[in-house]
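Beneath this line is the structure, given in structure tokens, with notes to follow.
The values are calculated or read from the model by the stated rules, or taken from the named source; none is laboratory data. Here the structure is a predicted model, which means the values were calculated and not measured. Counting neighbours? That spans all protein chains shown, and the Cβs are built from the backbone with ideal geometry, glycine included.
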Amino acid sequence: MCNKAHLLFIDLDGFKPINDQLGHEAGDQALIEVARRLKCTVGKNDFIGRLGGDEFVVILTQTTDHEDALSMARTLISAISIPMHILSAKIPRTLGASIGIVAISPGARNSNHDTDRSRSRNVSSETLG
């Protein structure tokens, strides 16, 4: 099977109440914990980045098909959804995530080509639960 890359856009669900109710320091710690969980879950050749706010991106470099990427998205949502303790307190709400998946065509010359011709799918903690 041919290895493909997939781009996952991750938007955290339930993050705003953490900032609003527990403060920005708690929000920052929650983001750090989410980043740690993402890093521990993806492969060693994959990439993780934070776009800003409560949005992350993951590039999966060794997926064989869209189902592999979908499986990883579900695993990431499960990892994000584990209750966390921030600033010596359990966060009152569990975080979730919505993830958009786009296949990246090998050898494509620009991102418009990649996204226009690729299969995309969304998965969220609501669809899993």
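So which residues in segment 1-22 are modelled with pLDDT of 90 or more, of a type outside the set (Phe, Trp, Tyr) and either buried (at least 16 other Cβ atoms within 10 Å of the Cβ) or within 28 Å of Thr63 (Cα to Cα) (or both)? Before the answer, list the steps.
Residues of segment 1-22 modelled with pLDDT of 90 or more: 5-16.
Applying the additional criterion that residues be of a type outside the set (Phe, Trp, Tyr) yields 5-8, 10-14, 16.
Matches in segment 1-22: Ala5, His6, Leu7, Leu8, Ile10, Asp11, Leu12, Asp13, Gly14.
On the basis of being farther than 19 Å from Ile104 by Cα, in contact with a Lys or Arg (Cβ under 6 Å, 6 or more places away or on another chain) and not acidic (Asp, Glu), does Gly23 make the cut?
On the way: farther than 19 Å from Ile104 by Cα: yes; in contact with a Lys or Arg (Cβ under 6 Å, 6 or more places away or on another chain): no; not acidic (Asp, Glu): yes.
Judged against the criteria, Gly23 is not a match.
Scanning segment 32-71 for residues that are out of contact with any Lys or Arg (no Cβ under 7 Å at 6 or more places or on another chain), surrounded by 13 or more Cβ atoms within 10 Å (Cβ to Cβ) and of a type in the set (A, V, I, L, M) yields Val34, Leu38, Val42, Val57, Val58, Ile59, Leu60, Ala69. In this entry, Gly43 passes the filter for residues that are more than 16 Å from Phe9 (Cβ to Cβ) and at pLDDT below 95.
Can you pull out the residues in segment 23-38 that are touching a strand residue (DSSP E or B) at 6+ places or on another chain (Cβ under 6 Å) and at pLDDT 95 or above? Scanning segment 23-38 gives a single hit, Leu38.
Condition check for Thr64 on (1) touching a helix residue (DSSP H, G or I) at 6+ places or on another chain (Cβ under 8 Å); (2) under 22 Å from Ala103 (Cβ atoms); (3) touching a residue at least 60 places away in the same chain (Cβ under 8 Å); (4) β-branched (Val, Ile, Thr): one failure, at (1).
Taking the criterion of being in a helix (DSSP H, G or I) and over 17 Å from Pro83 (Cα atoms), the residues of segment 11-38 that qualify are Asp20, His24, Glu25. Within segment 90-101, not a single residue is at pLDDT 65 or above, in a strand (DSSP E or B), of a type in the set (Gly, Ala, Ser) and more than 22 Å from Gly14 (Cα to Cα). From the list Ile18, Ile32, Ile59, Ile10, exactly one residue is over 15 Å from Ala97 (Cβ atoms), in contact (Cβ under 8 Å) with a residue 40 or more places away in the chain and among the β-branched types (Val, Ile, Thr). Which is it? After ruling out the rest, the residue left standing is Ile59.
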